[in-house]
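The values are calculated or read from the model by the stated rules, or taken from the named source; none is laboratory data. The structure presented is a predicted model; accordingly, all values stated were derived computationally and were not measured. Don't worry about glycine lacking a Cβ; one is built from the backbone with ideal geometry, like all the others, and counts go over all protein chains shown.
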């Protein structure tokens, strides 16, 4: 490495590894601190190419920062803060560790400057996030996690195949703009890997069963989508649905639409009940 460049993902990974050593009395403060540091680090990133590492015959680039990657970096680091806040009540360290490492993989993929680095963080995302399903510890969780992992692995294999073909054609592992106006087999495979991971229709059907068994972390609601406190009491005038209910999960448009309808209907009639 030519010079040290502090990758935002490194803060999360180190934070996750040190979490079991943190005393219980300061654990919640620590859980808030690490994502906050990641967000501050992301805000202070400069445009350019950083984090060059020579590994065997490959030149890896861990930090290609441009205006587009910055936007996604802001979004992902902010989601990490919100997701961690939603999960402050979770006592199991392993759940927080898996979630942080998953976010670290996402951030690493955002700033990857070559296909090898991209694939590395891609697999970090796949193998860390499956534990968020298994940690639910329901009878269905093991099978759901295996299906989830199978979908991710299929997308990863498509991406890997496309990367290898692309490198053979261009002679470079650089993760540059793809010529989608003149697509090759390599580009098709790469795009299949992307859209499978992003749950783009019709590939979204592959995520239908795994995500309903994950470790949800978010606002608690009742059957009327009204927010309830830790004692099960309804918070007057506060309804919720969709992403805010599930935290790190992927609820899908159908569930979000249904919960939004129920929440909106009850929010509209609630003043009349007072």
Q: Considering only the range 195-223, state which residues are surrounded by 15 or more Cβ atoms within 10 Å (Cβ to Cβ) and either in a helix (DSSP H, G or I) or at pLDDT 80 or above (or both).
A: 195, 196, 197, 203, 204, 206, 207, 210, 211, 212, 213, 221
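Scan the range 236-253 and tell me whether some residue there is surrounded by 13 or more Cβ atoms within 10 Å (Cβ to Cβ), under 19 Å from residue 130 (Cα atoms) and modelled with pLDDT of 65 or more.
Within the range 236-253, the subset surrounded by 13 or more Cβ atoms within 10 Å (Cβ to Cβ) is 238-252.
Cutting the leftovers down to under 19 Å from residue 130 (Cα atoms) gives us 243, 246-252.
If we keep only those that are modelled with pLDDT of 65 or more as well, we get none.
No: the range 236-253 contains no residue that is surrounded by 13 or more Cβ atoms within 10 Å (Cβ to Cβ), under 19 Å from residue 130 (Cα atoms) and modelled with pLDDT of 65 or more.
Looking at the structure I just gave you, is residue 99 outside any strand (DSSP E or B), under 11 Å from the mean Cα position of the chain (by Cα) and more than 20 Å from residue 219 (Cβ to Cβ)? Spell out the reasoning first.
Numbers: outside any strand (DSSP E or B): yes; under 11 Å from the mean Cα position of the chain (by Cα): yes; more than 20 Å from residue 219 (Cβ to Cβ): no.
Spelling it out, it is not the case that residue 99 is outside any strand (DSSP E or B), under 11 Å from the mean Cα position of the chain (by Cα) and more than 20 Å from residue 219 (Cβ to Cβ).
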**Q.** Evaluation of residue 137 against (1) buried (at least 21 other Cβ atoms within 10 Å of the Cβ); (2) more than 20 Å from the chain's Cα centre (by Cα) (one fails), failing number
**A.** (1)
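Of the residues that sit in the range 163-189 and are over 25 Å from the mean Cα position of the chain (by Cα) and assigned to a loop (DSSP other than H, G, I, E, B), which one is modelled with the lowest pLDDT?
Within the range 163-189, the first condition is being over 25 Å from the mean Cα position of the chain (by Cα), and the residues that meet it are 164-172, 179-186.
Narrowing the set further to residues that are assigned to a loop (DSSP other than H, G, I, E, B) leaves 171-172, 179-184.
Details: 171: 87, 172: 88, 179: 85, 180: 82, 181: 87, 182: 88, 183: 89, 184: 91.
Ranking the candidates gives 180 first.
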Q | Criterion (surrounded by 12 or more Cβ atoms within 10 Å (Cβ to Cβ) and closer than 17 Å to residue 92 by Cα) met by exactly one of 49, 40, 32, 65 | A | 32
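From the list 160, 142, 132, which residue is assigned to a helix (DSSP H, G or I) and at pLDDT 90 or above? Steps first, please.
On the way: 142 fails: at pLDDT 90 or above; 132 fails: at pLDDT 90 or above.
Of 160, 142, 132, the one residue that is assigned to a helix (DSSP H, G or I) and at pLDDT 90 or above is 160.
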Q.
Need the failing condition index for residue 77 against (1) surrounded by fewer than 14 Cβ atoms within 10 Å (Cβ to Cβ); (2) within 19 Å of residue 95 (Cα to Cα), just the number.
A. (1)
